[in-house]
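Here is the structure we will look at, set down as structure tokens.
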Amino acid sequence: MPDAIVRHIARVTRSHVRLATLADYDRSGTRARHRAAIRRYLDIRAWGAAGRHVVVQTVALAAQTKNDLADLINVALEELVRQWIEFPAFSTLLNTTRRVRTIMG
């Protein structure tokens, strides 16, 4: 996440966390444990092969009636939410959707 966003969130929440402290948190393994605990609590599956499959299948079906990239991405996001699968990085979703749309073209 860009430092400017981190600083903004810290300012809005009146937090006094230093950027170096956040970097240490990322490297320590605590972040991974927290992420796993949050996924368990919310009953959300991590992004992975199953998520990619859902996106590819959903976009392939939607591409039969839609061509707009934003519409296809929205359909994919809705299906990920419906199936309780964590969102990937936007670039992953964008690239996957573009590839499927091109193939289905």
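Computed from the coordinates by the stated procedures, all read-outs in this text should not be read as laboratory data. What you see is a predicted model; the values in this text were computed from it and never measured. Here Cβ is always computed from backbone atoms with ideal geometry, including for glycine, and neighbour counts include all displayed protein chains.
The table below gives the values:
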item: Compactness of region 47-93 as Cα Rg over 2.2 N^0.38 Å, two decimals; result: 1.03
item: Modelled FRET efficiency - R0 30 Å, residue 65 with residue 38, Cβ distances, 0.05 increments; result: 0.25
item: Approximate shape of region 3-42 as ellipsoid semi-axes (Cα gyration tensor, √5λ), whole Å, largest first; result: 22, 14, 7
item: Cα-Cα pairs of the chain separated by more than 20 Å (percent); result: 54
item: Likely footprinting exposure, 86, 79, fewest C-beta neighbours within 10 Å first; result: 86, 79
item: For region 3-42, size of Cβ-based charge dipole, Lys and Arg +1, Asp and Glu -1, in debye; result: 160
item: For the chain, calculated [θ]222 nm from helices alone, where every DSSP H run of n ≥ 4 adds -39500 (n - 2.57); result: -23000 deg cm²/dmol
item: Point-charge dipole on Cβ atoms (K/R +1, D/E -1) for the chain, about Cα centre, debye to 20; result: 360
item: Signed unit charges on C-beta, dipole axis of the chain, positive-most listed residue 62, 9, 85; result: 9
